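Notes follow once the structure below has been shown.
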Amino acid sequence: MKINVVAVGKLKEDYFRLAVAEYSKRINRFAKLTIFETLESKNLQRSEGAIKAAKEEECVEILSYAKGRIIALDSRGSEVTSEEFSDIIKSSQDIGQELTFIIGGSDGLSEKLLKTADKAISFGKVTYPHQLMRVILLEQIYRGFTIIANMPYHK
């Protein structure tokens, strides 16, 4: 199985890079993981129109990396349990479908991208920094595979 993570912005802190490397290594036991980083728009104006334009600009590059079933991470998406998240992975795995998860930048994802995605999910109502969200997503992907494999990691 192939899993892609498309994330807006670069990881700046070493502790995030180390956590991503660890979970990537764990995930690669189950699937081929590829992480694509896209540039975050430099939006100096904070007007609603400027933010919308910046998100649309990011959308073009994000979608150039998206393949297979597209899952957008968005606070307005459906909240899922770890078991439901593992079902998303398993359903794609069962049919040999590539799976792409998308993490937006600090202003979130464009409406166009959310409409293009096959599903939008949320990991809760709280807001996370998008760099931390990458670690959380990879941990949940790993947890999903351990649930599928009936391994003791998930309690």
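Spot the failing condition for residue 92; the list is (1) in contact with a helix residue (DSSP H, G or I) (Cβ under 7 Å, 6 or more places away or on another chain); (2) at pLDDT 95 or above, and only one is missed.
Evaluating residue 92 over (1) in contact with a helix residue (DSSP H, G or I) (Cβ under 7 Å, 6 or more places away or on another chain); (2) at pLDDT 95 or above leaves (1) as the failure.
From the list 141, 148, 71, exactly one residue is in contact with a helix residue (DSSP H, G or I) (Cβ under 6 Å, 6 or more places away or on another chain), crowded, with 19+ Cβ neighbours inside 10 Å, modelled with pLDDT of 90 or more and closer than 18 Å to residue 32 by Cα. Which is it?
141
Could you please find all residues in the range 121-136 being modelled with pLDDT of 90 or more and farther than 13 Å from residue 78 by Cα?
Those that are modelled with pLDDT of 90 or more and farther than 13 Å from residue 78 by Cα: 131, 132, 133, 134, 135, 136.
Got a number for residues in the range 116-138 being free of Cβ contacts under 8 Å to residues at least 24 places away in the same chain and closer than 19 Å to residue 39 by Cα?
2
Mind checking which residues of the range 1-50 are over 17 Å from the mean Cα position of the chain (by Cα) and part of a loop (DSSP other than H, G, I, E, B)?
12, 13, 29, 30, 41, 42, 43, 44, 45, 46, 47
Scanning the range 36-64 for residues that are touching a residue at least 40 places away in the same chain (Cβ under 8 Å) and of a type in the set (A, V, I, L, M, F, W, C), which turns out surrounded by the most Cβ atoms within 10 Å (Cβ to Cβ)? Spell out the reasoning first.
As a first pass, look at the range 36-64 and keep what is touching a residue at least 40 places away in the same chain (Cβ under 8 Å): 40-41, 43, 51-52, 54-56, 58-59, 62-63.
Remaining after also requiring of a type in the set (A, V, I, L, M, F, W, C): 51, 54, 59, 62-63.
Details: 51: 17, 54: 20, 59: 21, 62: 26, 63: 19.
Ranking the qualifying residues of the range 36-64, first place goes to 62.
Okay, residues lined up against (1) over 18 Å from residue 111 (Cβ atoms); (2) modelled with pLDDT of 95 or more:
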residue	(1), (2)
20	yes, yes
27	yes, yes
30	yes, yes
42	yes, no
50	no, no
53	no, no
56	no, no
62	no, no
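Can you confirm whether residue 53 is out of contact with any helix residue (DSSP H, G or I) (no Cβ under 6 Å at 6 or more places or on another chain), among the hydrophobic types (A, V, I, L, M, F, W, C) and not in a strand (DSSP E or B)?
It is true that residue 53 is out of contact with any helix residue (DSSP H, G or I) (no Cβ under 6 Å at 6 or more places or on another chain), among the hydrophobic types (A, V, I, L, M, F, W, C) and not in a strand (DSSP E or B).
I need the full set of residues from the range 1-29 which are more than 14 Å from residue 132 (Cβ to Cβ) and among the small types (Gly, Ala, Ser), in order please.
Matches in the range 1-29: 21, 24.
Could you pull out the residue among 32, 67 that is touching a Leu at 6+ places or on another chain (Cβ under 9 Å), under 24 Å from residue 144 (Cβ atoms), in contact (Cβ under 8 Å) with a residue 12 or more places away in the chain and not hydrophobic (A, V, I, L, M, F, W, C)?
After applying the criteria, what remains is 67.
Conditions first: (1) over 25 Å from residue 147 (Cβ atoms); (2) touching a Leu at 6+ places or on another chain (Cβ under 7 Å). Residue 54 passes all but one, so which condition is the exception?
(2)
The values are calculated or read from the model by the stated rules, or taken from the named source; none is laboratory data. Here the structure is a predicted model, which is why all the values come from computation and not from measurement. With ideal geometry, Cβ positions are generated from the backbone for all residues, glycine too; neighbour counts draw on all protein chains shown.
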